[in-house]
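To keep things clear, I will list the structure first and then write my remarks on it.
The values are calculated or read from the model by the stated rules, or taken from the named source; none is laboratory data. Since the model is a prediction, treat every value here as computed from it, not as a measurement. Ideal geometry is used to build each Cβ from the backbone, glycine not excepted, and the neighbour counts take in all protein chains shown. These area figures cover heavy atoms from the full protein model, side chains too; ligands, DNA and RNA do not enter into them. Shrake-Rupley method; radii C 1.70, N 1.55, O 1.52, S 1.80 Å.
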Amino acid sequence: MRRCWAVHTARAVRVIRGLWPDRNPLRRAVDRVEAVVVAGLAVAFLVVAPLASFAAGHVAYSMGSRTALAEQAVWHRAPALLLAAVPGAGYDSEVSARWTAPDGTRHTGPVPAPPGARAGRTVTVWLNAAGRLTGTPRQLSQVWDLVVLVTGLAALIASLALLGVGQLAYAVLGRRRLAAWDADWRATEPQWSRRP
């Protein structure tokens, strides 16, 4: 375990030393620019990812809490009388039931019911202002789940965008590096091969 840790540490030190700007005459200007780009992208990630996460989390929380509060204010709980029995095995299934809307109108339709419920049993359903069935109103704990998801995705998207910029810079600098090596080889090759 210690050897593995030492190997990883040595690799990290080599990478950092390779990117560190110095006065090495073998290091080309392209290598120095690449080191500056990598450092700039690292700093940009450390700044952009938290800001993007905070902004996305704030927007998700404000929109989600506004929706949750609106649903809780408008949707109503009502009893529904089951008109048929539910099979005893399996998951919740829908059976025909009757309920009264907040405006006093009676409605009949399929509602979710627990397994084994008998005809005549009362189950609770949620209705909107028009008396139509809805799901359970969103809770603030669900909003927080959404906020956590959105903040993580915002950081991921920011890192992927910066990674794309880094790959683009690497490709451009790689072409320049190859062109410089090619020019140096054209100048050096005649001396080695004794060709004009």
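The residue pairs whose first member lies in the stretch 165-186 and is part of a helix (DSSP H, G or I), whose second member is open to solvent by 50 Å² or more (accessible area, probe 1.4 Å), and whose beta carbons are closer than 8 Å, counting only pairs six or more residues apart or on different chains, are 166/38; 173/33; 177/28; 180/28.
Here 134, 188 are screened, and the one residue that is surrounded by 11 or more Cβ atoms within 10 Å (Cβ to Cβ) and not aromatic (Phe, Trp, Tyr) is 134. Taken over the stretch 59-99, the criterion of being in contact with a Pro (Cβ under 7 Å, 6 or more places away or on another chain) and farther than 22 Å from residue 114 by Cα is satisfied by 68, 71, 72. Among the conditions (1) surrounded by 12 or more Cβ atoms within 10 Å (Cβ to Cβ); (2) hydroxyl-bearing (Ser, Thr, Tyr); (3) touching a residue at least 24 places away in the same chain (Cβ under 8 Å); (4) not in a helix (DSSP H, G or I), the only one that residue 91 does not satisfy is (1). Here residue 131 fulfils each of the conditions (1) free of Cβ contacts under 8 Å to residues at least 12 places away in the same chain; (2) not hydrophobic (A, V, I, L, M, F, W, C); (3) not in a helix (DSSP H, G or I) apart from (1).
Here residue 158 meets the list (1) over 16 Å from residue 73 (Cβ atoms); (2) over 15 Å from the mean Cα position of the chain (by Cα); (3) open to solvent by less than 40 Å² (accessible area, probe 1.4 Å) almost entirely, failing just condition (2).
Residue-by-condition table, conditions (1) aromatic (Phe, Trp, Tyr); (2) touching a residue at least 24 places away in the same chain (Cβ under 8 Å); (3) assigned to a loop (DSSP other than H, G, I, E, B); (4) under 30 Å from residue 98 (Cβ atoms):
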residue	(1), (2), (3), (4)
5	yes, no, no, no
11	no, no, no, no
30	no, yes, no, no
46	no, no, no, no
52	no, yes, no, no
60	no, yes, no, no
67	no, yes, no, yes
72	no, yes, no, yes
77	no, yes, no, yes
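Picking from residues in the stretch 98-117 that are in contact (Cβ under 8 Å) with a residue 24 or more places away in the chain and under 17 Å from residue 136 (Cβ atoms), the one that is most open to solvent (accessible area, probe 1.4 Å) is 102. Picking from residues in the stretch 36-59 that are touching a Gly at 6+ places or on another chain (Cβ under 8 Å) and not β-branched (Val, Ile, Thr), the one that is farthest from residue 176 (Cα to Cα) is 53.
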